[in-house]
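Take a look at the structure set out below.
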Amino acid sequence: IGVGLVGFGLFFVLFGVILYFDSVLLAFGNILFLSGLVFIIGFRRTFTFFFQWPKLKGTSFFLGGVLIVLMRWPLLGMLLEAYGFITLFR
């Protein structure tokens, strides 16, 4: 279930970017991606991964970008998410 949710989340994010940053598709893709991540590695491990002290800057940018996309500012939100994703997973 988790791999499917992550796959659909990435598909909706990619499709939202292709359709000129459609905010509904991007928000739906973000929600699916995060819920799929929780299903794959569990709630506790997801929480401890995102909220480690050295990764707090990347987490704040990534989750802040998700919130900005949910508030229907898709371009700014995706830029913040991309920076947070790069900072989080390097």
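Accessible surface comparison of 83, 20, probe 1.4 Å, protein chains only, largest first: the order is 20, 83. Phi angles across region 61-73 convert, under the Karplus curve 6.51 cos²θ - 1.76 cosθ + 1.60 with θ = phi - 60°, into 3J(HN,Hα) values of 5, 5, 5, x, x, 4, 5, 5, 5, 5, 8, 6, 10 Hz, Gly and Pro given as x.
Sorting 31, 68, 41 by accessible area puts them as 31, 41, 68; the probe is 1.4 Å, largest comes first, and only protein heavy atoms count. Among 53, 73, the order of accessible area from largest down is 53, 73, computed with a 1.4 Å probe on protein heavy atoms.
If you take Cα Rg over 2.2 N^0.38 Å from the coordinates, which of (i) 1.28; (ii) 1.03; (iii) 3.14 do you get? After the calculation, the listed value that fits is (ii).
The residues of the chain have, on average, 67 Å² of accessible surface per residue, using a 1.4 Å probe with all protein chains present.
Among 47, 61, 11, which one shows the highest mean-square fluctuation when the chain is modelled as a Gaussian network with alpha-carbon springs under 10 Å? It is 47. Hey, any idea what % of region 21-85's accessible area is carbon plus sulfur with a 1.4 Å probe? Carbon and sulfur together cover 77 percent of it.
The values are calculated or read from the model by the stated rules, or taken from the named source; none is laboratory data. Not measured: the values here are computed from a predicted model. Side chains included, ligands, DNA and RNA excluded: accessible areas come from the protein's heavy atoms. Shrake-Rupley method; radii C 1.70, N 1.55, O 1.52, S 1.80 Å.
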